[in-house]
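Trainee: Below: one structure in structure tokens.
Quick note: the coordinates plus some simple rules give every number you see, no bench work behind them. Computed from a predicted model, the values in this text were never measured in an experiment. Cβ coordinates were reconstructed from backbone atoms using ideal geometry, including for glycine residues, and neighbour counts include every protein chain displayed.
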Amino acid sequence: AQSVSQHNHHVILSEAASLELGCNYSYGGTVNLFWYVQYPGQHLQLLLKYFSGDPLVKGIKGFEAEFIKSKFSFNLRKPSVQWSDTAEYFCAGPGRAGNMLTFGGGTRLMVKP
Amino acid sequence: GAGVSQSPRYKVAKRGQDVALRCDPISGHVSLFWYQQALGQGPEFLTYFQNEAQLDKSGLPSDRFFAERPEGSVSTLKIQRTQQEDSAVYLCASSLEAGSSYEQYFGPGTRLTVT
């Protein structure tokens, strides 16, 4: 992906609500897509990744994402969020050169207990 | 096992000073990346090493920025004559092999504030 965009900058949910964070990419090559999470005070860590095959990928902590090629989208979902999911979420894909990552602007999620 | 470490975690520099930021990647990781993350934005690519070779430095914003990885392990990002617009978090990441399909493991970052 040569650019990645995230639609929502800030999302506030109550515990047990369902979550969907949008991610769209512009594409110029092999589609490897990632969602990273950054919990308060911690470093970026990988939630899940898509390389090929089943477009529905499952990650850690109950997160999943669906790759929809026709929509150039890779939205992140979780059926029931917890207070501990409060974090910033970044969608990423390959940049114009193969090894680098291009990140979206991030979505800051706050889950109210 | 140890993850990616970075030092210092915080750095305050007066405008015009030179700074050096260090990254210790995961042992054995071939690829090393530097990213810059401005407040409220996603990380942006600066430069990439495969072992000791700097294969891509297209993201470095000016010739004041210089990175090296002389022995293919520890890397240093140097910023000369710092400017206020250099204030950001500088992230280092490493991956086991080259190629975008390999997970990048990120360090905690160095928060640089230029006053």
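Trainee: Loosely packed, with under 15 Cβ neighbours inside 10 Å and either assigned to a loop (DSSP other than H, G, I, E, B) or touching a residue at least 24 places away in the same chain (Cβ under 8 Å) (or both) - does that describe any residue in segment A:87-94?
Mentor: no
Trainee: Restricting the search to segment A:1-40, which residues are surrounded by 19 or more Cβ atoms within 10 Å (Cβ to Cβ) and polar (S, T, N, Q)?
Mentor: The answer is A:6, A:24, A:32, A:38.
Yes or no, residue by residue, for (1) closer than 23 Å to residue B:36 by Cβ; (2) at the interface with chain B (Cβ under 8 Å from one of its Cβ atoms):
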site: A:74; (1), (2): no, no
site: A:79; (1), (2): no, no
site: A:105; (1), (2): yes, yes
site: A:108; (1), (2): yes, no
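Trainee: Moving to a separate point now. Under 23 Å from residue B:89 (Cα atoms), hydroxyl-bearing (Ser, Thr, Tyr) and out of contact with any Ser or Thr (no Cβ under 6 Å at 6 or more places or on another chain): does that describe residue A:89?
Mentor: No; evaluated as a whole, the condition is false for this residue.
Trainee: Among the strands (runs of 3 or more DSSP E) confined wholly to segment B:1-43, which include 3 or more residues that are crowded, with 17+ Cβ neighbours inside 10 Å, of a type in the set (A, V, I, L, M) and within 14 Å of chain A (Cβ to nearest Cβ)?
Mentor: none
Trainee: Where in segment B:75-115 are the strands (runs of 3 or more DSSP E), entirely inside, with at least 1 residues that are closer than 18 Å to residue A:51 by Cβ?
Mentor: Hits in segment B:75-115: B:88-95.
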